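FYI, it's all coordinate maths here, none of it is from the lab. Since the model is a prediction, treat every value here as computed from it, not as a measurement.
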Amino acid sequence: MSCAGLLDGNAKPKSMSRAKQWTDEVENLYRFQQAGYRDETEYRQIKQVEVDRWPETGFVKKLQRRDNTFYYYNRQRECEDREVHKVKVYAY
């Protein structure tokens, strides 16, 4: 992700691919996408807040959906292997 893309208030992805295997990045993308966002960039643009993370794992802890309800996530992995291929990975 380029710095210019992150600084732009309306950063749009240039391409999208599907995750092939689980990684920490895929886990966090899975959490953002469950809450209705593409990724952390879009979440920050819309909500204007820092992302709450678990200190032990770095995984997303809590996200506010667009309807202002909250999703709370566990410390451990939540994206099961059968869900990995559904995660969209955006390139900026």
- Task: Kindly give the semi-axes, whole Å and largest first, of the ellipsoid equivalent to the chain, taking each as the square root of 5 times a Cα gyration tensor eigenvalue.
- Result: 20, 17, 12
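For the stretch 45-92, which semi-axes, largest first and in whole Å, follow from the square roots of 5 times the eigenvalues of its Cα gyration tensor? Could the numbers behind the result be given before it?
Details: eigenvalues 75, 52, 29 Å².
Each semi-axis is √(5λ); the values are 19, 16, 12 Å.
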- Message: Give me, ordered by chain and number, the residues 5 or more places off residue 61 or on other chains with an amide H under 5 Å from its own placed amide H.
- Response: 52, 53, 54
